[in-house]
Amino acid sequence: MNDDDLKKLWRQQPLRAPALSPAQVISAMQNKTTQLRRTLLARDVRELLACVIVGVIFGIYFFINRAPIARLGALITVAGSIFIAWKILRARRTTPPAKPDATVVESLRAELHSVRTQSQLLRSVSWWYLLPLTVGTLVFVWGMPFNNLVFKVVFTLVTLALDVFVYRLNQRARSRQLLPVEAQLESLLRSAETGEPLDETHITNPRPIVLSMAAADQVKPVEFKVAFWQIAIYGVTGIVGIWFFLIIGLTVDNQGWKTKEQAVETFPQTLRAEEANRYSVAARKVVDLFNTGDYAAVQKLFGPSMSEALPLQKASEFFTGLATQFGNIEKFDGPIGRSGEWVLFRLHCQRGELTMRLALDANDTISGIIVRPAPSTSRNSVGLIPRIFSWQHLLWFVPFFLVGLLYSWLLQKLTERAVGISTLGVHLYKGLNVILWDEIKEVRTLRILNIRSLWLISESGEKTIMPWTSLERHSDLKAAVEGFAPADHPLHRYLSLLKRI
Amino acid sequence: MNSTSADEQKFLELVNENRNRILRVCRAYLWNSADQDDLYQEILFQIWRGLPGLKEKQFANTWVYRVAINTAISFVRKRASSSDRVVQFEHADLTRTIESRQATEENTDDRVANLYNAIYKLNPLEKALVALFLEDLTYEQIAEATGISANNVGVMLHRAKRRLSCLMTEAPK
């Protein structure tokens, strides 16, 4: 067949005219324009949403937290999330697509630039994405005013493990998806610019699927996404998890603040040695006289103003009450700290513990004494649970739950199809990635929690994972497999895993 | 007539004049008619978007080829990772599709099928050059449409035609 014959054959081929009236075409174009705007907006929102959530949560922490190192961590995390958002948006803004009427060469250049930028982003994901968030959250957690070392160490290890996982995932995506496309574009561009033959190793060679042109019309796959409820199980749990850790953080933080207030009583300024000695001598005298029951002698240690405020009768009643309730003082620790003119001691009695605050005047007589039961740590732990699940905190559960549902719904709407089933075979999420029915020699299940996926195994042993029970519309999925797969195909055996409708 | 309806009129005229050319380009890049429809609509959309950039009407046909080829190459590559091609099948559609699965008619012209089977095996640039050559464009017009220099068009097209010829000869009868 010569050139003219080919041209004639080409131009005279029967064509299927799309049945659209001019009005329908115009309407379709207007709809697509609107859809394009919405898609671009949705993409920006989706990418920025995670950064906004992180920024808001840690922003709240920054303002309510009093521990300076934790605040610094919150600040680093907020700054990190802003930086990440900026980095993603900047990468997109600097790689605009070619104009619609660009030449092939111009378009290839624009696409190559875009793919290289994305590839570079994934390659360097550790420093611009993982590092700021990791440093921020670790500084935050280690700076929190609670001394649960196990929690902090476990949190650090989990965070680092997650970083390694995310890094590997990104490098895998880069090497499997972006680098081949980059090589393909480079090869096409080089060929277009130099006229040299294309390096075919970079171009995907379609498998020779022999189909009649009419039969090809029937291979549009029936497409299935991952079901909403399946995403919601994890999406809602994740968002509610954020709420849970947020309220724990807030409660512990408040607890820490209160502890710190008490810490003014227990761990404040240090005393000079001679000061400590003065107060220890006075405390020893008080303790010894108290244990002997000589409350009048204790009262004689008081300075004039103290004697006036606490005369002998009142002092005797007070010390008798203490002795009745707590028994003798077996030993005392201190001084354990100082707050202004008050110096603190811890008294270990026969029936409990007391704190004693002493103030001495210049003559070493007692100008003030306060004895109180020491705060019980076990009582604090018991009180923590009601504080965590206070009604104010529980009220926040509802919006977090709803946001979890909304997030799952958005994710389901905006993500691509997971599986397509057609006369040809199984189309996986990669669009043109078709595994022909005949190529699937064996099928095995993979169970992770409540989800069962399937390994599609070829004769050479190559395994490809396919979502299965997590897919939506099980009745249609069954019908598609029963209708399209050969009768003896191993996939039929796994239809029973799908819900009975 | 306001400017919007004038633009719409211009667009419709351009599409009507070039409908068959666009359809042939779609068919050169995708063998599935549903995908061809998607590509056809995408090319129309790119023409719609790019129409304000078309200044001289005498170059309109070459301009349309440029948009069509460029869109087709990008479309085929992006389809590999596209996220907007989910088609919701209602149960009735699904049943109908399955029922009609075996009831397909064979193509009446095996020579056209043979030509397309060979074209599908060419690389994207060769496809573009061959499609434009079969549309009877000169080397200069092909160069204008693709951005490849006229000399390179000659060299590459010669190679592509030779390959096409081999593929058509090898194809099973």
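The values are calculated or read from the model by the stated rules, or taken from the named source; none is laboratory data. Because the structure is predicted, anything quoted here is derived from the model rather than measured. Neighbour counts are summed over all protein chains in view; Cβ atoms, including those assigned to glycine, are modelled from backbone coordinates with ideal geometry.
Quick check: is even one residue across the stretch A:131-149 within 18 Å of the chain's Cα centre (by Cα), over 19 Å from A:G80 (Cβ atoms), among the aliphatic types (A, V, I, L, M) and part of a helix (DSSP H, G or I)?
There is no residue in the stretch A:131-149 that is within 18 Å of the chain's Cα centre (by Cα), over 19 Å from A:G80 (Cβ atoms), among the aliphatic types (A, V, I, L, M) and part of a helix (DSSP H, G or I).
Across the stretch B:126-173, what is the number of residues that are part of a loop (DSSP other than H, G, I, E, B) and either more than 8 Å from chain A (Cβ to nearest Cβ) or of a type in the set (S, T, Y) (or both)?
Of the residues in that region, 5 qualify.
This table checks each residue for (1) in a helix (DSSP H, G or I); (2) farther than 17 Å from A:A283 by Cβ; (3) at pLDDT below 85.
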site	(1), (2), (3)
A:M306	yes, no, yes
A:Q325	yes, yes, yes
A:D333	no, no, yes
A:R357	no, no, no
A:S378	yes, yes, yes
A:L384	yes, yes, yes
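Quick grid of which residues meet (1) within 14 Å of chain B (Cβ to nearest Cβ); (2) in contact with a Ser or Thr (Cβ under 8 Å, 6 or more places away or on another chain); (3) more than 30 Å from B:E170 (Cα to Cα); (4) of a type outside the set (A, V, I, L, M):
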site: A:K8; (1), (2), (3), (4): yes, no, no, yes
site: A:P14; (1), (2), (3), (4): yes, yes, no, yes
site: A:L20; (1), (2), (3), (4): yes, no, yes, no
site: A:T34; (1), (2), (3), (4): yes, no, yes, yes
site: A:L40; (1), (2), (3), (4): yes, no, yes, no
site: A:L49; (1), (2), (3), (4): no, no, yes, no
site: A:V54; (1), (2), (3), (4): no, yes, yes, no
site: A:F62; (1), (2), (3), (4): no, no, yes, yes
site: A:A79; (1), (2), (3), (4): no, no, yes, no
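Please tell me if A:D488 is among the acidic types (D, E) and crowded, with 19+ Cβ neighbours inside 10 Å.
Values: among the acidic types (D, E): yes; crowded, with 19+ Cβ neighbours inside 10 Å: no.
So A:D488 does not fit the description; no.
In the set B:N70, B:N16, B:N32, B:N20, which member is at pLDDT below 85 and at the interface with chain A (Cβ under 10 Å from one of its Cβ atoms)?
B:N32
Inside the stretch A:177-215, can you point out the residues that are at pLDDT below 55, surrounded by 16 or more Cβ atoms within 10 Å (Cβ to Cβ), within 8 Å of chain B (Cβ to nearest Cβ) and within 45 Å of the chain's Cα centre (by Cα)?
Taking the stretch A:177-215 first, the residues at pLDDT below 55 are A:202-215.
Within this subset, residues satisfying the condition of being surrounded by 16 or more Cβ atoms within 10 Å (Cβ to Cβ) are A:202-203, A:211, A:213, A:215.
Now restrict to residues that are within 8 Å of chain B (Cβ to nearest Cβ): A:203, A:211, A:213, A:215.
Answer for the stretch A:177-215, where residues must be at pLDDT below 55, surrounded by 16 or more Cβ atoms within 10 Å (Cβ to Cβ), within 8 Å of chain B (Cβ to nearest Cβ) and within 45 Å of the chain's Cα centre (by Cα): just A:I203.
Consider the stretch A:439-456. How many of its residues are under 28 Å from A:W229 (Cα atoms), surrounded by 11 or more Cβ atoms within 10 Å (Cβ to Cβ) and β-branched (V, I, T)?
3
Output the number of residues of the stretch A:442-498 satisfying the condition of being aliphatic (A, V, I, L, M) and within 14 Å of chain B (Cβ to nearest Cβ). Can you show your working first?
If we filter the stretch A:442-498 for residues that are aliphatic (A, V, I, L, M), which is where we start, we get A:443, A:446, A:448-449, A:451, A:454, A:456-457, A:465-466, A:471, A:477, A:479-481, A:485, A:487, A:491, A:495, A:497-498.
With within 14 Å of chain B (Cβ to nearest Cβ) added as a condition, the list becomes A:471, A:477, A:479-481, A:485, A:487.
Counting residues in the stretch A:442-498 that are aliphatic (A, V, I, L, M) and within 14 Å of chain B (Cβ to nearest Cβ) gives 7.
Tell me the residue from A:R66, A:R116 that is surrounded by fewer than 18 Cβ atoms within 10 Å (Cβ to Cβ), touching an Asp or Glu at 6+ places or on another chain (Cβ under 9 Å) and in a loop (DSSP other than H, G, I, E, B), please.
Result: A:R66 is the single residue among A:R66, A:R116 that is surrounded by fewer than 18 Cβ atoms within 10 Å (Cβ to Cβ), touching an Asp or Glu at 6+ places or on another chain (Cβ under 9 Å) and in a loop (DSSP other than H, G, I, E, B).
Can A:A110 be described as assigned to a helix (DSSP H, G or I), of a type outside the set (S, T, N, Q) and within 12 Å of another protein chain (Cβ to nearest Cβ)?
Numbers: assigned to a helix (DSSP H, G or I): yes; of a type outside the set (S, T, N, Q): yes; within 12 Å of another protein chain (Cβ to nearest Cβ): yes.
Criteria met by A:A110.
Taking the stretch B:113-143, which residues are of a type in the set (G, A, S), in contact (Cβ under 8 Å) with a residue 12 or more places away in the chain and over 23 Å from B:A60 (Cα atoms)?
Correct list: B:A118 only.
Of everything in the stretch A:217-250, what is more than 11 Å from chain B (Cβ to nearest Cβ) and not aliphatic (A, V, I, L, M)? Give them in sequence order. First the steps, then the outcome.
Just the residues of the stretch A:217-250 that are more than 11 Å from chain B (Cβ to nearest Cβ), to begin with: A:226-250.
Matches in the stretch A:217-250: A:F228, A:W229, A:Q230, A:Y234, A:G235, A:T237, A:G238, A:G241, A:W243, A:F244, A:F245, A:G249.
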